[in-house]
1. Given the conditions (1) outside any loop (DSSP other than H, G, I, E, B); (2) crowded, with 18+ Cβ neighbours inside 10 Å; (3) not aliphatic (A, V, I, L, M), and given that Pro56 satisfies all but one, which numbered condition is not satisfied?
2. Note down all Cβ pairs under 6 Å where the first residue falls in the stretch 115-131 and is under 13 Å from Gln39 (Cβ atoms), the second is outside any loop (DSSP other than H, G, I, E, B) and of a type in the set (Val, Ile, Thr), and they're at least six residues apart or on different chains.
3. For the stretch 116-128, which positions are under 22 Å from Val54 (Cβ atoms) and polar (S, T, N, Q)?
4. Could you run through the stretch 85-99 and say how many residues are near the ligand (Cβ under 7 Å from one of its atoms) and part of a helix (DSSP H, G or I)?
5. Using the structure shown, decide if Lys141 is out of contact with any helix residue (DSSP H, G or I) (no Cβ under 9 Å at 6 or more places or on another chain) and surrounded by 15 or more Cβ atoms within 10 Å (Cβ to Cβ).
6. Would it be correct to say that Phe143 is within 25 Å of Gly23 (Cα to Cα) and within 14 Å of the chain's Cα centre (by Cα)?
7. Quick test of your reading of the structure: Ala50 fulfils all but one of (1) free of Cβ contacts under 8 Å to residues at least 40 places away in the same chain; (2) surrounded by fewer than 17 Cβ atoms within 10 Å (Cβ to Cβ). Name the failing condition by number.
Amino acid sequence: MRKAAIIVAAVVFASSGTAFAAGEAAGGDPAKGEQIFKQCMTCHRIGPGAKNMVGPVLTGVIGRQSGTAPGFAYSDLNKHAGENGLVWSEDLIFQYLPDPNAFLKKFLTDKGKADLATGTTKMTFKLANEQQRKDVIAYIKTFSDKK
Ligand code: HEC
């Protein structure tokens, strides 16, 4: 009985661990991602000559501190996450897209900044589908070394 409980605990731990494993955003198709990105284009632009719109420019967002695209008026929530160590990686964007507000609040809370985990992000869009997230991130990544 006891042994079974330990095994169950180990399995639960292992499967919850994979949700944060490195490289979880890998395996996307940038060509498919370009199609998905059309949904993002309601608010975002990416690539040469991209400008801030309703949302910040996403050129170079991978490796960029959260809330720092020049000239964009971010929410406090988005800025505070960056000021407390959020630098966008493929995996973090993958975790962010299904629920940006919850992600930013959890990030700040995990950093011991629950007092800053208030308000709402202006990024109201949610992308739940796992493969679509991988594909759109693969597309965004093709612009990651650019400013
Ligand atoms: C309805 C408009 C809208 C759509 C659609 C949208 N976004 Fe956003 N996004 C925003 C806004 C506004 C912000 C700034 C959030 C803030 O200041 O709280 C943002 C922020 C972001 C950030 C953080 C940028 C930074 O500099 O910190 C990422 C990453 C992002 N969006 C990715 C995406 C992706 C990928 C898609 C498509 C799958 C998408 N967004 C669709 C409005 C949108």
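1. Single failed check for Pro56: (1).
2. none
3. If the condition is that a residue be under 22 Å from Val54 (Cβ atoms) and polar (S, T, N, Q), then Thr120, Thr121, Thr124 are the ones that fit.
4. Looking only at that region, the number is 2.
5. Judged against the criteria, Lys141 is not a match.
6. Taking the combined requirement at face value, the residue does not satisfy it.
7. Answer for Ala50: the failing condition is (2).
Taken together, the values in this text are just the output of simple stated rules run on the coordinates, not laboratory data. Model, not experiment: these values are computed from the prediction. In this analysis, Cβ positions are derived from the backbone assuming ideal geometry, glycine residues included, and neighbour counts consider all displayed protein chains.
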